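Let me begin by presenting the structure, written as structure tokens, before commenting on it.
What follows is calculated from the coordinates using simple rules that are stated; it is not laboratory data. Since the structure is predicted, the reported quantities are computational estimates derived from the model, not experimental observations.
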């Protein structure tokens, strides 16, 4: 089953959801702003993506710029910031068959689902 970590207020996330829906495959939507991801869930996502926490940070978000930009931060500190401020998580993230992608651009999702 496909899992999409989705923010309905984000145009790119809505585009990603449309790609998932068009695939015709079963999927579930996780609205991670409504139900925050736990640290262990986020660590699992990062492991599947083969990425570190900094690679999924939305660096243009106001909260990042005001509270974290330019500070010396360990991966653990970045992970904690992502858990505390889920708006900082890049979106959408799509998981399928033990693989995952950040759906920017949405072609990444189409490629993932074509496997």
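Which percent, to the nearest 5, of DSSP beta bridges fully inside the chain are antiparallel? Of those bridges, close to 65 percent are antiparallel. In the chain, Rg over Rh equals 0.96, where Rg is the alpha-carbon radius of gyration and Rh the Kirkwood radius from pairwise Cα distances. Using only Cα atoms, find the angle between the long axis of helix 39-49 and the longest principal axis of the chain, and express it within 0 to 90 degrees, rounded to the nearest 10. Long axis of 39-49 versus the principal axis of the chain: about 60 degrees. Values of log10 I(q)/I(0) for the range 48-115 across q = 0.19 Å⁻¹ run -0.76, by the Debye formula with one identical scatterer at each alpha carbon and no solvent. Across the range 2-113, Cα pairs under 8 Å and at least six residues apart give a relative contact order of 37 percent.
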